[in-house]
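Everything below concerns the one structure shown next.
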Amino acid sequence: ALEMLSSPESDAELLAGIRRDLDSINRMIGQFLEIGRELESGPGETTDLNTLLNDVIGQFVDQDIRFHCDSCSGCGRVSYGLALRRVISNLLENALRYGEGSAPELFCRRLDKEITIVVADRGPGIPESEREAVFRPFHRLDHSRSGETGGSGLGLAVVRQLVDGHGWQVKIMNREGGGAQVCVTLPATE
């Protein structure tokens, strides 16, 4: 249908934007199909968390993301690596989008058999009254509705679904000194 709309009178910029959106949607659908297959087949192979986090950060090569791993020479291994990769990617995208130009920080802490991953920014934060609502599909805070920050309102909804589907936990808090931090807690496999 998009190709049929293409003509010399068409708005080339608008059509290019629609194509980019469709490509993005197709990639997202592909990733969810992979994650669905991972869920159906069980946890599968375990993944080294430190390697996974560094790989995710590598997707944002032109961004400044600060990575801190406390009390671990490697946080250990985790199951469901594809789902965790999507969760962390979505959280980093949000931190970059709403962090008001500050470098997001990624923290990893292990305490016994539990791992906590924190993505933090220095943006406006999220009011306590909105901390559950932001996990609903298409819900966006008023200050995030500018064309510059964009966003579909699906990133955190996807995070919540994946976290709940795997029995993990997610919590949003305001950060001391300003900003937000999202904590994901999951079991370590070793």
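A short reminder: the numbers here are calculations on the coordinates, not readings from a lab. Quantities reported herein were computed from a predicted structural model and do not represent experimental measurements. Glycine also receives a Cβ, built like all others from the backbone with ideal geometry; neighbour counts cover every protein chain displayed.
At a glance:
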item	result
Backbone N under 14 Å from the Ala133 label point (7 Å along Cα→Cβ), restricted to segment 167-185	none
Gyration tensor over alpha-carbon atoms, segment 62-139, equivalent ellipsoid semi-axes in Å	23, 16, 13
Per-pair calculated FRET efficiency, R0 = 41 Å: Ala12 and Lys113 via Cβ, rounded to 0.05	0.15
Ordering of 158-171, 82-95 by packing [mean C-beta count within 10 Å, highest first]	82-95, 158-171
Contour minus Cα-Cα distance for Asp55 and Lys171 (0.36 nm per residue)	39.4 nm
Built amide H within the under 5 Å cut-off of Gly76, gap 5+	Leu49, Asn50
Length released on extending from Leu154 to Met28, taking residue separation times 0.36 nm less the Cα-Cα span	44.3 nm
